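Chemist: One structure is given below, represented as structure tokens, and several questions about it will come after.
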């Protein structure tokens with residue numbers, strides 16, 4: 001099979017990047033681990049919450065009256081999971097939803113999580129793959 005130099009250069013560059021990535025993982029050690037934050041979330045409609053984000057983000061804020069959120073998932077997924085609406089993708093259920101209540105408002109999502117002590121002083125990344133449009137993070 002005939003290989004062009006350009007193809008070889010691309011493969012060599014990809015291998016070099018992979019080796020550098022593995023080296024970084026070795027140097028970082030335990031920090032290469034991922035903390036999964038898919039559970040423990042609650043959500044509430046912004047108009048229903050009188051507290052500002054600076055209070056909601058405190059560790060002692062009580063969000064127990066908020067709806068348990070399905071993460072990853074949408075607001076409608078959480079409402080369906082709680083039995084408050086029918087499956088929006090079944091029949092005409094989507095047409096029965098109050099657009100002012102679900103679509104034309106913003107929502108708070110809240111969670112608290114434990115950061116292991118060996119992460120102290122290290123740079124951490126919060127990767128939010130599920131933000132659909134935009135978000136303010138506190």
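The values are calculated or read from the model by the stated rules, or taken from the named source; none is laboratory data. Fair warning: this is a prediction, and the values are worked out from it, not measured in the lab. All Cβ positions, even for glycine, are placed from backbone atoms using ideal geometry, and neighbour counts span all protein chains on display.
Chemist: Inspect all residues belonging to the stretch 59-74 and state whether any of them is surrounded by fewer than 10 Cβ atoms within 10 Å (Cβ to Cβ) and closer than 19 Å to residue 38 by Cα.
Modeler: Yes, the stretch 59-74 has at least one match.
Chemist: I need the full set of residues from the stretch 66-81 which are at pLDDT 95 or above and either closer than 14 Å to residue 105 by Cβ or in a loop (DSSP other than H, G, I, E, B) (or both), in order please.
Modeler: 66, 67 - these are the residues of the stretch 66-81 that are at pLDDT 95 or above and either closer than 14 Å to residue 105 by Cβ or in a loop (DSSP other than H, G, I, E, B) (or both).
Chemist: Then there's this: Six or more apart or on different chains, Cβ under 6 Å: which pairs go from a residue in the stretch 62-87 that's on the phi < 0 side of the Ramachandran plot and touching a residue at least 40 places away in the same chain (Cβ under 8 Å) to one that's surrounded by fewer than 16 Cβ atoms within 10 Å (Cβ to Cβ) and assigned to a loop (DSSP other than H, G, I, E, B)? Could you list them?
Modeler: Cβ pairs passing all conditions: 71/38; 72/130.
Chemist: Follow-up question, since we're still on this one. Could you tell me how many of the residues in the stretch 68-104 are in contact with a helix residue (DSSP H, G or I) (Cβ under 6 Å, 6 or more places away or on another chain) and closer than 23 Å to residue 138 by Cα?
Modeler: 2
Chemist: Would you please name the residue that is farthest from residue 78 (Cα to Cα), looking only at residues in the stretch 91-115 that are touching a residue at least 40 places away in the same chain (Cβ under 8 Å) and in a loop (DSSP other than H, G, I, E, B)?
Modeler: The residue in question is 115.
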